[in-house]
Amino acid sequence: MRKIAKTRIDDVLRALAPRYDLYVPVEGATTMRTPTATLWQEGLENASRFRLYEEGLPLYWRTNTGLSPKDLFFPQTEKMYTAISQGKTVEIKEESTNAWPIILFGVRSCDIASIDCMDRVFLQKGYEDTYYKNRRQRTLIFALGCSTHEDTCFCTSMGIDPKASPTADVQISDLGDAFGFTAQSPSGQQILASIDSLMSDAYTAQPVSPDPMLINVNLEGVTEKLETMFDHPLWDELSPRCIGCGTCTFLCPTCYCFDINHKSPTHAHIVKQRSWDSCMFVDYTCMAGGHNPRPSKTERVRNRFLDKLLYNRQRHGRVFCVGCGRCVSKCPVSLEIATVIQKIQAAEVTP
């Protein structure tokens, strides 16, 4: 365990940047772009987010970022392969992958938990997504424990410790006027050894603890209760408020649905790509023959919350909400998961 004064954190970042693609939390309202940034993300001009480090960027250490680092592993739009026809032959070229190592620096506990969720989807169900795997395997994660939180945060209700992330390679602790660094993996030990000369002696101070969160939800029994609520009138009660904008799904760090489409620069050249999709969009489940099994907002709203709180626990072993509070903050009609969990708990069900 070593520490460095907060005023010298740029020394650490400058030492790491030449050897890694170093992504750091940055204040919003800046014109800097990450390689995977999109028009949708750039439209959130005041949202803090992770960006490739450059000296002079306004770093953001106060709370978790407005946009999660999900798109660094699972870009909102990414090329998969190209197909080029030449006469009667077609050549398929897979998109080349970068082998340069990545450091994701300053990730909060909620987003570390969301990365665990994404690992379960893309790496642990018998099929490995090669695009996700390539980025994930070459990434080292420096977690940053929270010393404060937004009014919309509720990670503790989801069983997450805001000060600790055991699966990260390095845990950074807020010690007040300094950051403490603790290696939690062999890779973490190696990288901290490479910057040891910048650090002070081992610290004994305890990390700053955040105040109790303002939002508290009771998750106990929710999954089991939802197993009996597919046709419950609660969904008819909730759905009229939804405007189908998809903000909740695009901001959520654990949403993983995507569509595969293509563009054609020329008649002989096709680029296949995948892009984030949203179960809140009316055409998400529309089939080729025109049938749509979720034709109304009632079915779509129901599916979103059953997926987060029931289906993913059945399929992947955990609830896919990490209490980051982004949907609480940005849903334009306040139809967010913390409120819905409370309504599920209060709902009457027939035994």
Wholly within the range 279-351, helices (runs of 4 or more DSSP H) carrying at least 1 residues that are at positive phi, among the charged types (D, E, K, R) and open to solvent by less than 20 Å² (accessible area, probe 1.4 Å): none
Pairs with Cβ under 9 Å, 6+ apart, first in the range 202-224 and on the phi > 0 side of the Ramachandran plot, second surrounded by fewer than 18 Cβ atoms within 10 Å (Cβ to Cβ): Gly221/Gln345
Qualifying positions in the range 50-79 - closer than 30 Å to Val271 by Cβ and of a type in the set (A, V, I, L, M): Leu52, Leu67, Leu72
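Return the residues of the range 231-251 that are surrounded by 15 or more Cβ atoms within 10 Å (Cβ to Cβ) and of a type outside the set (A, V, I, L, M); say none if nothing qualifies. Reasoning before the result, please.
Let us first name the residues in the range 231-251 that are surrounded by 15 or more Cβ atoms within 10 Å (Cβ to Cβ), namely 232, 234-235, 238-239, 242, 245-251.
Within the range 231-251, His232, Trp235, Ser239, Cys242, Cys245, Gly246, Thr247, Cys248, Thr249, Phe250 qualify.
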Residues of the range 81-101 satisfying the condition of being charged (D, E, K, R), assigned to a loop (DSSP other than H, G, I, E, B) and over 31 Å from the mean Cα position of the chain (by Cα): Lys88
Given (1) touching a helix residue (DSSP H, G or I) at 6+ places or on another chain (Cβ under 8 Å); (2) open to solvent by less than 40 Å² (accessible area, probe 1.4 Å); (3) within 30 Å of Leu335 (Cα to Cα); (4) part of a helix (DSSP H, G or I), number of the condition Thr152 does not satisfy: (4)
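Name the residue, out of Ser147, Ser165, that is of a type in the set (S, T, N, Q) and in contact with a helix residue (DSSP H, G or I) (Cβ under 6 Å, 6 or more places away or on another chain). I'd like the intermediate steps shown before the answer.
Details: Ser147 fails: in contact with a helix residue (DSSP H, G or I) (Cβ under 6 Å, 6 or more places away or on another chain).
Only one candidate passes the filter, namely Ser165.
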Failed item in (1) assigned to a loop (DSSP other than H, G, I, E, B); (2) under 25 Å from the mean Cα position of the chain (by Cα); (3) surrounded by fewer than 13 Cβ atoms within 10 Å (Cβ to Cβ); (4) not hydroxyl-bearing (Ser, Thr, Tyr), with Ile260 passing the rest: (1)
Residue list for the range 215-248, filter: over 19 Å from Arg313 (Cβ atoms) and assigned to a loop (DSSP other than H, G, I, E, B): Ile215, Asn216, Asp231, Pro233, Cys242, Ile243, Gly244, Cys245, Gly246
Of all residues making up the range 102-122, the number that are closer than 20 Å to Gly325 by Cα, in a helix (DSSP H, G or I) and not β-branched (Val, Ile, Thr): 8
Positions within the range 109-157 being of a type in the set (D, E, K, R) and either farther than 19 Å from Ser209 by Cβ or within 13 Å of the chain's Cα centre (by Cα) (or both), in sequence order: Asp111, Asp116, Asp119, Arg120, Lys125, Glu128, Asp129, Lys133, Arg135, Arg136, Arg138
Residue that is farther than 23 Å from Gly159 by Cα, outside any helix (DSSP H, G or I) and free of Cβ contacts under 8 Å to residues at least 40 places away in the same chain, where the choices are Gly180, Gly176: Gly176
Residues satisfying the stated conditions in the range 164-173, i.e. surrounded by fewer than 20 Cβ atoms within 10 Å (Cβ to Cβ) and either in contact with a strand residue (DSSP E or B) (Cβ under 7 Å, 6 or more places away or on another chain) or not in a loop (DSSP other than H, G, I, E, B) (or both): Ala164
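The values are calculated or read from the model by the stated rules, or taken from the named source; none is laboratory data. Predicted model only: the values in this text are computed from it and were never measured. Note: ideal-geometry Cβ built from the backbone for every residue, glycine included; neighbour counts use all protein chains shown. The protein model used for the area step is the full one, side chains on, heavy atoms only, and it has no ligands, DNA or RNA in it. Shrake-Rupley method; radii C 1.70, N 1.55, O 1.52, S 1.80 Å.
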